[in-house]
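Read-outs: derived from the displayed coordinates by stated rules, not from any lab. Owing to the predicted nature of the structure, the values given are computational and were not obtained by experimental measurement. All Cβ positions, even for glycine, are placed from backbone atoms using ideal geometry, and neighbour counts span all protein chains on display.
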Amino acid sequence: MSYLVILRHGQSQWNLENRFTGWVDIDLSEQGIREAQDAGEKLKGYKFDKAYTSDLIRAQRTLSIILDIIGQTDIPIEKDKALNERMYGDLQGLNKDELREKFGAEQVQIWRRSYDVAPPNGESLKDTAARVIPYWESKIVPDLKAGKNILVSAHGNSLRALVMYLEKLSGQEIVSIEIPTGSPKYYLLDKDLNILDKKYL
């Protein structure tokens, strides 16, 4: 058996400003730093063998804060853009409320939460899953099957893609799933990576 903890980074400055962030490399807000610290407190007592994170500073900094608090800064860390947030294309940097006024709330919700509809020049969740899942299978699965405990610090949509795959959810079911910032989600897995237990810590 092994366990996997996945975590969406703490609030970023653009989360605070209600902007689509995507691949723009925006740092944590003050609240985001506190959320990362709180996550670290929740993870005291858990021992990790390796951590994975994205190519973006908000996820990396969240991970760094957590590892410092739990005293595990010496574990191997792998960073890869495969775990990056959805690329929001033309929406990146734009305010969500202003976009709702311009395009309507329903259209903005489709861009944000649908499975296979991409924003202009961006990725859908289906597109995001197409890079997250092969990375999961090639990199993280072998570690878990070797009995290693893994921590993943990433983003709302890269983690939604992973949760959909792990929990065998449909494209329709994943639409309603929200991944909160700074809240570690724990999975206890058997040797075949079946879920024995799952919970937010």
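Under 23 Å of direct C-alpha separation, and excluding same-chain neighbours fewer than eight residues apart, Lys168 reaches these lysines: Lys126, Lys139, Lys145, Lys148, Lys185, Lys191, Lys198, Lys199. The HN-Hα couplings worked out from phi for the range 113-124 by the Karplus form 6.51 cos²θ - 1.76 cosθ + 1.60 (θ = phi - 60°) are 10, 5, 7, 10, 9, 8, x, x, 6, x, 10, 7 Hz, whole numbers, x standing for Gly and Pro. For the range 2-200, the relative contact order comes to 32 percent (Cα pairs under 8 Å, sequence separation of at least 6). The range 128-201 and the range 72-125 have Cα centres separated by 18 Å. Expressed in Å, the radius of gyration and Dmax of the Cα atoms of the chain are 16.3, 51. Taking DSSP loops as anything outside H, G, I, E and B, show the longest stretch in the chain free of trypsin sites (Lys or Arg not before Pro) there with at most 12 other beta carbons within 10 Å. Value returned for the longest uninterrupted segment is 48-167. Among the GluC sites (Glu not before Pro) within the range 96-188, those in coil by DSSP and having at most 16 neighbouring Cβ atoms inside 10 Å are Glu167, Glu178.
Dipole magnitude for the chain: computed about the Cα centre from +1 point charges on Lys and Arg Cβ and -1 point charges on Asp and Glu Cβ, it is near 380 debye. Segment Val24..Lys79, full-extension length gain: 18.2 nm, with 0.36 nm per residue of separation and the alpha-carbon distance subtracted.
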